[in-house]
Amino acid sequence: MATEIMTHPYYKVNVLTGSKGARIITEPEEAARIIDKAKTPLYVFGAEVIDTPVGDKLLIDYALQIAQSRDIPICATAHVKRKMLELQVTPDSVYDIIEIVHFLKDKDWTGVRGQGQHDLVLFTGVRCDLAERGLATLKHFAPHLKTFAICRRSHPNADYAVPIIAKGGKWQEYLAALVKTLGTVTPAA
Amino acid sequence: MYVIDVGPQYEGERVRKGEFQVEYGGPDVGQKAELVLVKEMDEVEHDKITITGMDIKDLPEGSTVPLFIKVDVAGELLERDLEAVLERRIHQYINYIEGIFHMGQRNEIWIRIHKNSFNKGLDSLEHIGRILIDLYTAELPVIEKMSVEFITDPAKVEELLTVALTVYKERDDKVKGLRDEDVEEFYGCVLCQSFAPTHVCVITAERVALCGAINWFDGRAAVKVDPEGAQFAIPKGNLIDPEYYSYDTVNQIVAERSMGEVTRFNLHSALSYPHTSCGCFEAIVFYIPEADGFGIVNRDFVGSTVIDEPFSTLAGMASGGKQNEGYLGVGVQYLMSPKFLISDGGYNRVAWMPSVLKEMVKENIPEDLFDKIATEKDVQNVDELAAFMQNAGRL
Amino acid sequence: MRKGKMKEEEIKKTIKTEDGWEPVGPTPMPSLTDLRNWDFRLLQTYEPFYAPFCDLCCLCTFGKCDLTEDRKGACGIDIATQQARWILICCLMGTAAHGAHGRHMIDYLIEKHGEDFKIDLGSQVNVEAPIIRTVLGLKPETLGDLKKAIAYVEDEMIHLVSATHMGQEGNYKDFESKAFHAGMLDHVALEAADIAQIVGFGYPTSVADTPLVDLGWSSVNQEKPTIVVVGHNALVANSIVDYLRQNGLNDQVELAGLCCTALDMTRYDKGAKVIGPLSRQRFFLKTGYADVIVTDEQCVVTDIPQMAKDAGAALVAVSDKICYGLPNCSEKDVDQVFKMVVDEEQQVLILDADKAAEIAVRAAMALAPKRRELKKILTKEEATKLAAKCRGTCEACNRACANLLPINNAVFKTAQGDFTDLGKLFLRCIGCAKCEEACVNGIPILKLMQTAADGDTYKIRTGRGPIHDVEIRKVGSPIVLGTIPGVVLFAGCSNFPQDIYDVAWLAEELARRKYIVCLSGCSAMAAAMSKDEEGRTIYEKFPPEFDAGCIVNVGSCVSNAHVVGAAIKIANIFATLPNRANFELISDYILNRVGACGVVWGPYSQKALAIGTGAVRWGIPVVLGPHGSKYRRLFMSKKELDDWTVINGRTAELVDTKEPTPEHMMVVTETKERALITIIKQCFRRNDTPPGRGIKLNSYISAYKQLIGTLPDDLQNFVRTEKDIPIVYKREVISYLKEIGWQPKPVLSLPTIIGTYDTKVPIEATIK
C-alpha cells in the first residue's frame, strides 16, 4: 500500500524531518488486520502503560488484551514487569527499550522466544520522544520488520501509526474495537 | 524474606539516643557478651532459637538491658581454634540488619535497635536469631548445625559471663603463646593481585596480613571454608635462615604465586628481602639513615612524617608488589607481635612513630625504650631526631 | 599524518621529557589516529547505535539529501555516517566550549600571576593532573604548562573540525574514533581549566568538608540590590566578589548565579547564592528579582536581552562568545557606561572583567531602589486572572512542550484557583517557554509558576575539586576488589524527564548502598533540591569524603575532570601503573577493573556529549536519561549473546569470560527505576573478587527486588561461581540458578583487552 507522509504528530518535538513517514491507520479494524497478518509479532510495553488511565481501565489492560489475543510475546521495558506480575502475566523479555531496539536491528536475531526475528513490532507506553527515536532507528536499520505505534499521539517514524486521538473516550473506543477484531483474521501461512 | 531488610549496605548505620526501641549492653550496662562455641555434632540442635528472659516486645520503649548471645555450632571440619573467627561475624551479620547497630565484641558489645525497625515488625530476638543462622550457614557450609540463644535474664547473663571470660582468656593465652614455630603451616593470600599482580601475603602466627583483616586463624578458617579461594595454605618447610626467618617452601610458593618476581621473604625484616605490599597496608615501616633506625607511620596520620614525607608518598615506595629494602607495609597488629622486625632489632631499632600509634602499642614496647622513641610532638625533622636519639643514648 | 622527527622533538620539548618522573609511554600528545586501534576495539564490542534525528542531510548545497533506506547523499554519505559526523560536530562544540573557557581563564590568570605561577593543590593532592599526565605525558607545574595543554587541544581540534567538512571522513567508525578523540581532548581542557581556576582564584582544594551554601530561587534576598550572573565562566563573577570586598559592600549587595558560574563563584565566596540549574534560568529571570543580569558564556538562553527589558533589569554581557548585538563598551570610561546603563537603560557588552564588575555593582545599587515594585512575584489572584482565558482544551501548550508535560490541565486549574498541578509542573519544567509561545491566548505560563513554585531553600556543598591522593589510597583497594560497589558520577544538564529531585533519589539510593557518589554541574544543583523529614538535603545527610556511602560535589562542569582523574589515580597511585603518555594501558585498567559509571540524567548539551564520549574512551560507561536518545548515538553490546573474550594477564591466554561487563558503554534508560538498576549493573567489572562481586550483586538483587519485584532476570550472566552469590540471597539464588541450568564461568584477577587487538602496548605492561 502506498506510503503517505503524515503532517504533524501530537508532540511537535516529534515532527517528521524526512521523506518517509508512517501510514495512518484510522480504522481499528484495519489495525487488527495488520496485527493478525504478522507471523512473528512482538509487543513492546513502555513505562507509561503502568498508570495511564483509559476510561476505567489502565493502558496496560488494553495492551495485554491485544497481546493475549494471539499470544504475542511481550517485552516489558523499564520497570513494567512489576505491574505485569501484579496482573499475573510474565513477560517474555525484560530488555530495556534501547536494548530491544538494538536486537531488533539484527536480522539474524532469533527473537524473544528464540523462534525467529520478529516481523511486526508493536509499541505502547514508551515516552513519546524516546519512542520516536527508537522508531527512527528501526526505520533506517531494520528493513526486515515493520513497526506499529499503538499510541494516540501518533508517530511519523513508525511504519503504521494511530492517528492523533485527542479525546480519551475515542481512544478507548479505538482500543476496544481493536481488541474485539483481533484474532478474527487468520495469519498468513 | 524477613520483616526488615538485610544486606551489607546497612553496615555502619548509626542509631542515636532517642531513636532506639531497645539498647542491649553498651557503656551503661555491665553485663553483656557474645560467645560462639564449637561443640560436638550431637550437642547442637540445628535451627533452635531460644530467648531466655524478656524479649524486645516485652520491654518498654527506650530500655537499656543486659544481653548474652550464645551461639553453638557443630560441623565435621570445625575446630575450637576457629571460634574467634566465627564470633567476629556476629558483629558483621547483625550490622547487616536494617536499623540495628552492633559495636564491639566479646564482653564489650553494644547493640541498638531502631524504633523504625521495631515498627516494621522486628519485635523479637527470634528474627535476629533466624537471620544469624541463615547468614552463617549460607556463607560457611562447614557449619552443619547451629543454635542461637538470647539470654536477657540478668542473673543468667551474669552466670554465663563468667564462663565467657574464661573462654576468652583461654583463647588469648593460646594466641599470645602461639609462635610461628608452633604451627605446621602459614597461610597465603592473593586477593589483591588484581592491582598488585606480583604480591603475595604470607600470614604467620606472629604476622598478621598487612591489610589487618586476616590473621593466622582467619586464614585457617578461610582455607577450610573455601579451598579454591584467594587464601591458601603454605606448608612452612624448613627454616633455612634462623636469623632472618626464611623458610624454603614458603619461598618456593611465593616465587610461584608472584610469577617469579619475588623469590625470597625474610618474614620479619624490613631491610633484607622484605615482605612485599600491595598498597592496602595499615602502616608503613621506613628506614631513616640519619637515625640508623625505623620510622613507622599509620594511614590515619595527617601531615608529614619526620623525614618530611607524608604517608601517601611513603606508600608509593612500599606498594606495588615490589621488594624495596627499607620499606615495609604492615598491619597495625604486627606492631604488637613478639616477632615485630625481630631480625632487624625490633623496637630497639624504632626511632620515630606518631604519638597516637605509640600509645596504642605501649604494652609491646620495652618500658625503658618507650620515652626514647620520638614522636611528632618531640621532633620535626631528621636533625632534631638525631639530636633526640643522641640525648637518649641511642645514637 | 605520521609524525616526523622535528614534530617528535617538539613534543619532547613540550612535555619536558628530561623531567624523569616516569618514562614516557607510547602515545605522548596523541593525534587523531594514534589511539584509533583502541577505539576500534571498543567499537567492536560496543557498536554504535544510531537513532537518526532527521532523515536528511542538510549540510551542503548539494542537498537536502534523503538518506532513508539505502539512499546516499550527493557526497556518498549514508545515514549512519551522517549521524556519526553530527556526533563529531557536537562533541567538537563541547570540547571548544570547555577549551575556550580554559584558554580564557588561563590567559587571564597568566596576566594576573605570570606564566611561572606554581600549581599547588594542597598537601592532599600530589598527582595534580592525572588526565594531562596520561594524555600528554606532561606533569604541569605552572600556569604556563596548563597553557600547553590547552594549546594541544586547540591544535588537534582544527584537524577534527576539518574532518567534518563535506567530502571528508566516509566511515562511521572513524567518525566515532574522532569523536572519542574530541571527548578525550575535552577532558584535558576540563582539567586544565579547573586546576587553573583553583590555583588562580584560591578555590578550596585538599579539603573535603567544604562549606554548605544556600541554593534555590527564593534564597535570593530581594531586599538587597541583586546581581545575577548566568553562565559557566566565573571570571567576572569573581571580579564582582573582589569589587564588593574591596569596597566593603559584601553585606549590602546580593550576588547570585545560575548554572555553573554559581557553583564556581561559591567556591570563591560562600556568601554567594546558587539559584539553580539551566532549567530555572527563564523562570528566575522572569521574577524580576535581578536588578542587573550579567551573562558570561555557555548554556545561556539567547533571549535574555528581551527578558531583561521586560523585567526592567540591566544587562551586562561579558563574554566574546555572547555579544547579543550590544554596543561594546570595553574601552569606554566607566562613568559613561554607568550612565548608559542606569540613565539610558542601555544593555551593554563589556569585555573588561574589572570594569564589568564595577558597572554591575554600581548599577545594581542604583537600580534596586527604583525596582522594588518590579520584584514582586505574582499573587494567586493575579495568576488566576492571567490564566482566565485558558479553557484547557486547545492543548497547544502540551503539543509544544519539550518535556511532553500536561500543561493545559495545570493552567486551566490555575484559572479555577487550584495551584496543585502547576506546582507539580514546576518540578518537571525544563524552562524552554515553548508553551508560552504556543499559547493562543498569550498566557505567560512560566510567570504563573511563581505562585506555585516550590520556594524552599536548600543547602549544597561547594565544589571541592580534585580527589585526594590519600582518599584514593584508602578506597583504591575496595574499589578494585569490588567491596565498594562502585563510583558513580552524576554529571550534566537539567533536561530531566520527570521531577527535578529524581537525581537526589538516585544519588541517595546509591549512597545508602555504599557507592561513592559524586556530582557536578546542574546535576549537583538539582540533587540539592530535596529534603528528608529532618529537612536535610543529601549534602547534609551524607559525609563529603570520597568514600563508600558518601556524597561529593566536585564542582562545576569543568570539575568533572576530577572524577575521571580519580579513576586514573586508582590505576596510577594505587595500582602503580605508569600513566605518562600511556592512555591505552590506563583505559584498559579502568575498563576492566575500576567499577565506575557516569550518569547524565538530564542530558541536553554538546558539552555533556563530549564529556560522555570522552568517558567512554577511558573505559567508563555512561547512562543517560531519555532525552539523551536525541544525541542520536549510543554504544551497545549484544549482552549475553556477544563475545566477551579477554586476555588473562597472568597467562597471556584468551579466556571467554561469558559475562557482559560492563554491559553497554552508553545507554539510555527511560525511568529512574530502570536507571538505578542499570547503573548498579554498569559498575560490575571482570576482575571483581568473589566478595566484591557478592557486594555488587547484593545491591543489584536488592534494587531489582525493590523496583521490579523479582530476582534479576539476567542474574545468571553475572554469577561466575557460587562464591559470588551474596549470602543474604544465597538459597534463593542457588535454587534459581539450578532451575535455569547455570554453569560456572572463569574468574580472572588480571583481565585485559590489550592483546586482543593490534597495539604497541605489550600484555606484560598490564601486569607490570
Any chance you could count how many residues in segment B:13-46 are open to solvent by 70 Å² or more (accessible area, probe 1.4 Å), within 14 Å of chain C (Cβ to nearest Cβ) and either in contact (Cβ under 8 Å) with a residue 12 or more places away in the chain or not in a loop (DSSP other than H, G, I, E, B) (or both)?
-> 1
The residue from B:212, B:229 that alone is assigned to a loop (DSSP other than H, G, I, E, B), open to solvent by less than 40 Å² (accessible area, probe 1.4 Å), without any contact (Cβ under 8 Å) to a residue 12 or more places away in the chain and outside the structural domain of residue B:139 (by TED's automatic domain parsing) is B:229
Do any strands (runs of 3 or more DSSP E) entirely within segment C:239-322 hold 1 or more residues that are in contact with a Phe, Trp or Tyr (Cβ under 6 Å, 6 or more places away or on another chain) and surrounded by 21 or more Cβ atoms within 10 Å (Cβ to Cβ), and if so, which?
-> C:273-276, C:314-317
Subset of segment B:270-297 [open to solvent by 20 Å² or more (accessible area, probe 1.4 Å) and farther than 23 Å from residue C:572 by Cβ] = B:271, B:272, B:273, B:287, B:289, B:290, B:292
Can you name the residue in segment C:329-348 that is part of a loop (DSSP other than H, G, I, E, B) and in contact with a Pro (Cβ under 8 Å, 6 or more places away or on another chain) and, of all such residues, is surrounded by the fewest Cβ atoms within 10 Å (Cβ to Cβ)?
-> C:346
Those residues of segment B:298-326 which are more than 9 Å from chain C (Cβ to nearest Cβ) and either within 19 Å of residue B:271 (Cα to Cα) or open to solvent by less than 30 Å² (accessible area, probe 1.4 Å) (or both) amount to B:298, B:305, B:306, B:307, B:314, B:317, B:318, B:323, B:324, B:325, B:326
Has segment C:618-627 got any residue that is surrounded by fewer than 24 Cβ atoms within 10 Å (Cβ to Cβ), touching a Lys or Arg at 6+ places or on another chain (Cβ under 7 Å) and of a type outside the set (Asp, Glu)?
-> no
For segment A:81-113, what are the residues that are open to solvent by less than 30 Å² (accessible area, probe 1.4 Å) and over 28 Å from residue C:628 (Cα atoms)?
-> A:89
Would you say residue C:326 is under 14 Å from residue C:230 (Cβ atoms), open to solvent by less than 90 Å² (accessible area, probe 1.4 Å) and of a type in the set (A, V, I, L, M, F, W, C)?
-> no
Which of the residues belonging to segment A:68-80 are open to solvent by less than 40 Å² (accessible area, probe 1.4 Å) and farther than 17 Å from residue A:117 by Cα?
-> A:76, A:77, A:78, A:79, A:80
Within the bounds of segment C:127-137, is there any residue that is over 20 Å from the mean Cα position of the chain (by Cα), at pLDDT below 95 and under 15 Å from residue C:569 (Cα atoms)?
-> yes
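Take residue C:590 and tell me if it is within 13 Å of chain B (Cβ to nearest Cβ), open to solvent by less than 10 Å² (accessible area, probe 1.4 Å) and modelled with pLDDT under 95.
Values: within 13 Å of chain B (Cβ to nearest Cβ): yes; open to solvent by less than 10 Å² (accessible area, probe 1.4 Å): yes; modelled with pLDDT under 95: no.
The answer is no for residue C:590.
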Inspect segment C:66-74 for any residue being in contact (Cβ under 8 Å) with a residue 60 or more places away in the chain and either out of contact with any helix residue (DSSP H, G or I) (no Cβ under 6 Å at 6 or more places or on another chain) or of a type in the set (A, V, I, L, M, F, W, C) (or both) and give the result as yes or no.
-> no
Residue check: is residue B:198 in contact with an Asp or Glu (Cβ under 7 Å, 6 or more places away or on another chain), β-branched (Val, Ile, Thr) and buried (at least 22 other Cβ atoms within 10 Å of the Cβ)?
-> no
Would you say residue C:434 is under 19 Å from residue C:498 (Cα atoms) and open to solvent by 30 Å² or more (accessible area, probe 1.4 Å)?
-> yes
Out of all the residues in segment B:140-182, which are under 19 Å from the mean Cα position of the chain (by Cα), open to solvent by 40 Å² or more (accessible area, probe 1.4 Å) and within 16 Å of residue B:86 (Cβ to Cβ)?
-> B:170, B:174, B:175
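Just for strands (runs of 3 or more DSSP E) wholly inside segment C:636-700: which have at least 2 residues that are within 11 Å of another protein chain (Cβ to nearest Cβ)?
Strands (runs of 3 or more DSSP E) meeting the threshold: C:666-668.
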Can we say residue B:122 is in the same structural domain as residue B:62 (by TED's automatic domain parsing) and part of a loop (DSSP other than H, G, I, E, B)?
-> yes
The one condition residue B:177 fails out of (1) within 27 Å of residue B:332 (Cα to Cα); (2) out of contact with any strand residue (DSSP E or B) (no Cβ under 6 Å at 6 or more places or on another chain); (3) within 14 Å of chain C (Cβ to nearest Cβ) is (3)
Out of all the residues in segment C:1-45, which are in a loop (DSSP other than H, G, I, E, B) and polar (S, T, N, Q)?
-> C:17, C:27, C:31, C:33
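The values are calculated or read from the model by the stated rules, or taken from the named source; none is laboratory data. Only a predicted model underlies this, so the values are computations on that prediction, with no experimental measurement involved. Cβ coordinates were reconstructed from backbone atoms using ideal geometry, including for glycine residues, and neighbour counts include every protein chain displayed. Just so you know, the surface numbers come from the protein's heavy atoms only, side chains and all, with ligands and any DNA or RNA stripped out. Shrake-Rupley method; radii C 1.70, N 1.55, O 1.52, S 1.80 Å.
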